[in-house]
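Values quoted throughout were computed directly from the atomic coordinates according to the rules given, and no laboratory measurement underlies them. Predicted, not measured: the structure shown is a model, and the values here were computed from it. All Cβ positions, glycine included, derive from the backbone under ideal geometry; neighbour counts span all protein chains shown.
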Amino acid sequence: MRSAILATMLLIGLARAAGPPSFAVVVHQSNPRVDLRLAEVRAYFGGSTTRWPNGSNVVAVERSSGSPAFRCLLERVLNMTASEYKRNLTRIEYSGGGRVNVKTLNTEGAACKFVFNVPGAIALIETASLSLAECNGVQIVRVNGKLPGEEGYPLR
Amino acid sequence: MARCVWVCAAMLIAARTPVLAQENKDEVIQKLIARVEALEREVAELKQASAKSTQTTATATADPAPVKEVAAAPAAATPAPAPETTEPANSEPADASRFDFRGFADVDFDRNVAGSSSKKFALGEVDLFTTTQISPRLTFLAEAALDTDSEVTVGSIPVDVERLLLQVRGNDYFNLDIGSYRTAIGFYNTAYLRGEWLQTAVTRPLLFTFEENGGFLPLHNVGLSANGAIPAGDFGLHYVVEVGSSRNYGQPGRTGFDLEDNAAFNFALYSRPKSIPGLEIGFSVYRDRLSPVPAYSMGRRIWTAHAVYQAHRWEFLNEAMLAEFNGPPDGYAHVPGFYSQLAYRVGGKWTPYFRYDYSNIYGRGVVGAGAPQYVPWRNAETGGIRFDLTESVALKFELGHDVERLQPNFIQAAMQLAFTF
């Protein structure tokens with residue numbers, strides 16, 4: 001536990017020292033998918049994958065439009081504009097594929113709290129926010145085998 | 001004697017003790033059950049209160065995006081440490097089963113539509129779409145389109161029930177849609193049905209013209225549609241199997257009107273490889289009997305294949321089709337065709353696009369001679385640009401050159417303001 005806290009603190013420190021904001025993908029503590037490819041992250045947030053391997057529904061948590069995390073989601077993860085993102089989600093639902101569960105939350109803490117409470121949730125938050133109390137109970141996901149702060153991490 | 005009495009008394013007490021113990025257990029169990037019931041009532045009340053609270057905060061949020069559930073952050077006002085939260089570990093969003101409603105509409109300015117020398121503003125379709133989750137495995141989907149243009153009286157405005165489905169969501173491998181569905185012929189018909197805002201261009205590919213507008217493909221059926229994934233690793237294989245009847249709606253007398261509800265069968269297979277996100281390749285096979293006139297039917301088979309890429313600013317749609325109409329001894333008609341559409345987003349809002357449509361007809365006899373009425377166009381080049389004014393509103397300009405079989409070639413232009421609400 002102590003090592004985990006130290007690792008988190010180290011990550012936060014590295015993120016802050018690096019300058020430009022870094023973003024972390026977080027999931028529920030019970031979620032075994034803690035190592036994802038960027039394409040998989042894109043599929044979960046973009047609505048093309050709506051279930052986790054264990055069968056539970058994916059609930060993508062997005063931050064309010066205009067926030068750095070939302071911009072990162074559009075530009076670095078989805079490579080879409082806000083309009084394209086909306087069209088994409090609408091088209092999935094419209095074509096009978098069912099509603100894509102997207103939850104928009106106004107703060108990083110609320111996003112962490114939501115992920116803590118909902119096993120199928122996945123969120124993209126600023127790495128600096130991992131120090132918040134609300135983010136203590138969530139898991140940080142490796143993206144392309146890298147954690148935030150490590151060399152080659154794609155979401156920075 | 002006294003010892004005997006004491007022994008008997010001891011034996012009686014010993015025999016009674018298990019009975020008392022059992023009574024105590026029953027009493028404890030009853031108390032526990034009562035306690036559990038009381039706690040269950042409390043939990044139910046708390047859940048109701050929580051749901052109301054979430055709805056209230058969602059309403060208060062200004063984001064108009066209808067597809068998303070928006071909730072103001074409760075932690076913003078009253079910070080609370082997450083680990084102490086007592087919400088059940090397996091909880092889903094409180095409003096996961098709410099009623100969803102969506103609409104699409106468009107206003108157009110058209111010049112030389114279908115070769116006529118018209119120049120006019122036109123109201124497009126109003127498309128209303130709703131889904132409701134009835135239970136965790138049952139969803140209701142309904143879509144109705146109102147086409148108000150060119151109607152003289154309010155009473156003549158057609159209300160087209162485009163889709164009406166009870167969707168049984170089994171698992172990733174088997175789902176069943178019951179009701180009026182769109183046929184899984186090719187890609188475009190399942191990806192873009194109504195709702196002009198969804199598609200990049202103003203007009204649809206000519207192959208996928210709606211039936212009531214003269215299209216010859218059976219884009220709607222009524223019956224059963226099963227679909228799901230096929231375990232194939234990273235190939236991302238999916239299947240669709242449909243058994244239904246042709247849908248007869250539209251204006252009597254139009255070409256392509258199917259006068260009898262003949263059974264139809266359709267099978268589609270497509271792949272979305274995980275290694276190339278945005279790519280989809282697939283094919284479909286459709287078979288039924290078409291009755292263009294009373295008491296007569298001809299066999300109809302339709303093969304399609306598509307390769308589509310939509311990612312990283314690109315939209316590259318390619319579909320090919322072969323339709324066969326066989327009505328011995330009255331002859332046959334074979335209609336091969338394809339379209340290819342390329343679009344690329346420039347900057348954040350501009351998306352220029354170009355599409356080429358092509359069709360040909362080979363036939364003999366009465367069927368072959370009548371085929372051009374069903375497929376009056378030979379090829380078309382269409383170019384345009386889409387500008388996304390906001391997340392929900394798009395402005396499109398389009399210019400097209402059509403080469404026809406039954407009338408002189410023409411150039412048409414269109415401007416469209418399409419939106420969703």
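Here are a few things to note about the model shown:
- Take the convex hull of the alpha carbons in segment B:271-352; its mean projected area over all directions comes to 7.6 nm².
- Other protein chain Cβ atoms within 10 Å, averaged over every residue that makes up A:106-114: 6
- Theoretical FRET efficiency, 1/(1+(r/R0)^6), r = Cβ-Cβ of residue B:369 and residue B:410, R0 30 Å, to 0.05: 0.80
- By the count of neighbouring beta-carbon atoms within 10 Å, fewest first, B:303, B:377 end up ordered B:303, B:377.
- Looking at segment A:2-143, the pairs of alpha carbons with a distance over 24 Å make up 26% of the total.
- Of the DSSP H helices in chain A, those whose Cα atoms cover at least 20 Å axially and whose Kyte score averages 1.0 or more: A:2-18
- Likely footprinting exposure, A:122, B:157, B:185, fewest C-beta neighbours within 10 Å first: B:157, A:122, B:185
- Rounded if a/c under 1.5, otherwise prolate or oblate - segment A:99-149, Cα gyration tensor axes: oblate
- Between segment A:28-55 and segment B:99-138, the alpha-carbon center distance in angstrom: 34
- Measuring between their Cα centroids, segment B:201-224 and segment B:286-354 lie 9 Å from each other.
- Set the Cα radius of gyration of segment B:111-197 against 2.2 N^0.38 Å, with N its number of residues, and you get 1.42.
- Neighbouring partner chain Cβ atoms per residue of A:133-140, average, 10 Å criterion: 3
- Pairwise FRET efficiency - residue B:230 versus residue A:51, Cβ, R0 = 22 Å, nearest 0.05: 0.90
- Globularity index of segment A:41-98 is 1.13 (Cα radius of gyration / 2.2 N^0.38 Å, N = number of residues).
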